[in-house]
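Worksheet: one structure, shown below.
The values are calculated or read from the model by the stated rules, or taken from the named source; none is laboratory data. Keep in mind that this is a model prediction, so the values were computed, not measured. Positions of Cβ are backbone-derived with ideal geometry, glycine not excepted, and every protein chain shown enters the neighbour counts. These accessible areas exclude ligands, DNA and RNA; they are computed on the full protein's heavy atoms, side chains included. Shrake-Rupley method; radii C 1.70, N 1.55, O 1.52, S 1.80 Å.
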Amino acid sequence: MPNTVFDVCIVGSGAGGGTLAAHLAQRGVQVAVVEGGPPVNTRTDFNTHALPFNFANRHIPTMRAGKYGMASERARGVGGKTMLWNAVALRFSHRDFKGYTIDGAGADWPLDYADMAPYYDRIEREVGVCGNRDGLEDLPDGIYMDAPPLKSGDLLLQRGAKELGIRIIQTRKATLTRATATRPACHYCGNCMGGCDVAAKYNSVDAHMAPAMKTGKLAIFPNSVVREVVVSKENRATGVRFIHRETGAEGEIRARCVAVACACIQSVGLLLMSESSLYPQGLANSSGQLGRNFIPHFNSGVEGFLTELIGRAVVNDEGYIDHAYLPSYMHAHKRDYARSFGVQIYTGIRRTTGWAREVPGFGADYKQRVKQRFPAYASFQCFGEMIPNAQSFIQLDKTEKDEFGLHKVKAIAVQQENERKIYDAMNKASVDILLKAGGEVLSVSNFEKPIFNHQLGGCRMGSDPRTSVLNSYCRSHDVPNLYVVDGSVFPSSSEKNPTLTIMALAARAADNIGDRLQKGEMA
């Protein structure tokens, strides 16, 4: 569409981009979404219900044969990672937004819970989140439909945790437990991270962009790998240049406003690649902060068996993977570290069988031991908050390019002493709960072998343009019509899953963009 000038061009179609696009289109804004991957149909394109024995190498490919898109963790496709996420949807609290003020570590956000609460409300109503109103200070309640019950293993762990004075709750997920006019309720197949073939689990296509398409204000350009955000001599973003994934042809989409929302590392990489005479060190990087303050969650894990369930007959206890959650509680305790942790608890999951390699034995005896322990398996996936440090950053790899001739982007995360203390604390809490529930420990992860999750930071928001890239509306301090709307904007990460907050930030940014367009500020 060479002669069209859109009101807003959004790069990326996941939680941030999809939400932003829908909210703007519903306001009558003319929106272009530019996505590097193909259209993806959650109902037909994934190996959602496949099992390892269906494949010769016992590995389940994400995509069905002949389908392209989500072959790796950050592969491209319309809908982004919302197609494959676990749907945990948690609100941040005042403590999360003002961590430096409260704990003296990390960075404060330039907004607070009161600013975000109306947008959390709006998103929860739109996408459908289930959970309970648990009355926790550090995990604010939301607008929920009923949560599914805890599984038998969860109940044993909840009982053990209670004896330790620790509370385990039902997790909160953007998965429907009650059908709506456009999406059915979850059928509890336990394959959420292999795609949802009925769209009961939120994805940005079915819940946000498809309804917005009916306005006639939204156009989606798939298979378009953006290589540059274009900025004029007058310091205005004028659009994006892209490479067509299949043909290699180059193209450009023009707009009055550009929003980058292609996930943390990719967004930072795109801005770093968008060099110009105005911004020789990367677009909107006068502060020198672009790429700094990379703060992914760091994970630890504990595995074991609940002895009360060993040898029990196998039942369909899949649910929607994890029904139980251990929310942050250490913030209320005296401790020798800043910030806190949360734990997702998994029981009764048939896909989680890697533990069988750790069971001793051979032959028939080994098989019997695995079968007996299968119903009793329990796993604690712990999430810790990383404090920003100078050794953790995102940068372009000037020595290696991808298939499109673009510099690859690499991220470096270095854990320090505070992370070690949180790591030890969350592992200890998990082991203590497992043992108190009458369980036996199979494995405990090692701090020296770090695992990171939920990529965050690198383009953080803040009140001071000298120490941040964006303001509180996700708008660039440097370029007045450039926005970034994904996990890269987080000044601090909390221990909570970030997607609901990304969506709420996108809704807030949409209001700001829409209002400014109405005032003629982006002409």
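Points to keep in mind about this one:
- For the range 213-225, 3J(HN,Hα) per residue [Karplus equation, 6.51 cos²θ - 1.76 cosθ + 1.60, θ = phi - 60°, Hz, x = Gly/Pro]: 4, 5, 6, x, 9, 10, 10, 10, 10, x, 6, 10, 8
- Computed E for Arg351/Glu246 - FRET, C-beta separation, R0 35 angstrom, nearest 0.05: 0.60
- Of interest is the spacing of the C-alpha centroids, which for the range 107-146 and the range 394-440 amounts to 26 Å.
- Other-chain or far-sequence residues with amide H under 5 Å of Gly239's (modelled H): Val230, Ala255
- Mean residue ellipticity, 222 nm, helices only, the chain: the sum of -39500 (n - 2.57) across DSSP H runs of n ≥ 4, divided by residue count and rounded to 500, is -6500 deg cm²/dmol.
- When the square roots of the Cα gyration tensor eigenvalues are ordered a ≥ b ≥ c, the ratio a/c for the range 69-148 is 1.5 or more and a/b does not exceed b/c, which makes its shape oblate.
- When the square roots of the Cα gyration tensor eigenvalues are ordered a ≥ b ≥ c, the ratio a/c for the range 310-351 is 1.5 or more and a/b exceeds b/c, which makes its shape prolate.
- Residues whose placed amide H lies under 5 Å from that of Gly457, excluding near-sequence neighbours: Ile295, Ser488, Val489, Phe490
- Residue ranking by accessible heavy-atom surface, 1.4 Å probe, largest first, among Val33, Val205 comes out as Val205, Val33.
- Inter-site label distance for Asn132 and Asp108 at 7 Å from Cα along Cβ, in nm: 3.5
- In the assembled protein chains, Trp355 presents an accessible area of approximately 10 Å² (probe radius 1.4 Å).
- Per residue accessible area in Å² of the chain, where ligands, DNA and RNA are left out and the probe is 1.4 Å: 40
- Expressed as a whole percent, the accessible surface of the chain that belongs to carbon and sulfur atoms is 50, based on a 1.4 Å probe.
- Cα gyration tensor shape of the range 93-191, rounded if a/c is under 1.5, else prolate or oblate by comparing a/b with b/c: oblate
- Subtracting the Cα-Cα distance of Glu234 and Asp336 from their residue separation scaled by 0.36 nm leaves 31.7 nm.
- Heavy-atom accessible area with a 1.4 Å probe sorts Arg159, Arg351, largest first, into Arg159, Arg351.
- Charge tally in the Cβ shell below 15 Å around Asp336, where Lys, Arg are +1 and Asp, Glu are -1, Asp336 excluded: +2
- Backbone geometry of the range 372-385 corresponds, through the Karplus equation with coefficients 6.51, -1.76 and 1.60 at θ = phi - 60°, to 3J(HN,Hα) couplings of 5, 8, 3, x, 9, 5, 9, 9, 10, 9, 9, 10, x, 8 Hz, x marking Gly and Pro.
- Around Leu278: net Lys/Arg minus Asp/Glu count, Cβ-Cβ under 10 Å: -2
- With the whole protein complex present, Met273 retains an accessible surface near 50 Å², based on a 1.4 Å probe.
- Spin-label pair Ala523-Ser276: with each label point 7 Å from Cα along the Cα-Cβ axis, the two points sit 2.1 nm from one another.
- Largest-first ordering by accessible area, 1.4 Å probe, given options Thr182, Thr177, Thr467, Thr347: Thr182, Thr467, Thr177, Thr347
- Ala364-Ser463 pseudo-label distance in nm [points 7 Å out on the Cα-to-Cβ vector]: 7.3
- Exceeding the 19 Å Cα-Cα cut-off - candidates Lys81/Lys151; Lys81/Lys201; Lys151/Lys173; Lys81/Lys449; Lys233/Lys401: Lys81/Lys151; Lys81/Lys449; Lys233/Lys401
- Beta bridges per DSSP with both ends in the chain, % antiparallel, nearest 5: 75
- Accessible surface for Glu250 stands near 120 Å², nearest 10, in the context of the full protein assembly shown (1.4 Å probe).
- Sequentially through the range 45-50, phi angles give Karplus couplings (6.51, -1.76, 1.60; θ = phi - 60°) of 9, 9, 7, 4, 9, 6 Hz, Gly and Pro residues having no value and appearing as x.
- Interchain or long-range residues, amide H under 5 Å from Leu442's placed H: Glu303, Gly304, Phe305
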